[in-house]
């Protein structure tokens, strides 16, 4: 039962995050209410006897706890709610998604002899590593530590069908999105460096002939 409702909640948040929600102008609440109704219908109405979360689970697409927490934080902010994750927590989430995905998924294509996914079955070493990471994040006031803690808690509550801790921490969609965000950030940084104008002094030194009187 928990697994079923978790899938519905995750898909509901994903649909709500994708729908256009008006800003703070007058009447915005109508668009928000309509978006909520559309998301509820899409996540709960059966299609050929199965709800959409069941269809997605059937092809192996199950949102991790991390993905669901990120969706919740994003949707809460779009609806005018509290800031659940600040900028530093989002950066930590994207880097976690990149590193975890790069470490896990290449072995699925036969790349490498060591399979980090196996660490999720005997999860004590992984839990210890996550605990150390969470302590470091908390030391710097990073709220992503709470997301990691919720992943471990969800494993003990058997929120998902899997008993592998990695499935609670990451998923392919999170990895792809994190890689996209990281690539976009690097592209913008590279573009910003190229857009920096050359100092006037350096330009004058580079062309001394133009500085000489005729």
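The values are calculated or read from the model by the stated rules, or taken from the named source; none is laboratory data. Predicted model only: the values in this text are computed from it and were never measured. In this analysis, Cβ positions are derived from the backbone assuming ideal geometry, glycine residues included, and neighbour counts consider all displayed protein chains.
Structure data summary
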read-out	value
Test: residue in the stretch 135-151 that is at pLDDT below 90, loosely packed, with under 14 Cβ neighbours inside 10 Å and assigned to a helix (DSSP H, G or I)	no
Residues within the stretch 152-196 that are more than 17 Å from the chain's Cα centre (by Cα), surrounded by 16 or more Cβ atoms within 10 Å (Cβ to Cβ) and either touching a residue at least 60 places away in the same chain (Cβ under 8 Å) or not in a helix (DSSP H, G or I) (or both), tallied	5
Top-ranked residue of the stretch 83-112 - restricted to ones that are over 10 Å from the mean Cα position of the chain (by Cα) and surrounded by 16 or more Cβ atoms within 10 Å (Cβ to Cβ), ranked as modelled with the lowest pLDDT	105
Number of the exception - residue 132 against (1) in contact (Cβ under 8 Å) with a residue 24 or more places away in the chain; (2) in a helix (DSSP H, G or I); (3) surrounded by fewer than 16 Cβ atoms within 10 Å (Cβ to Cβ)	(1)
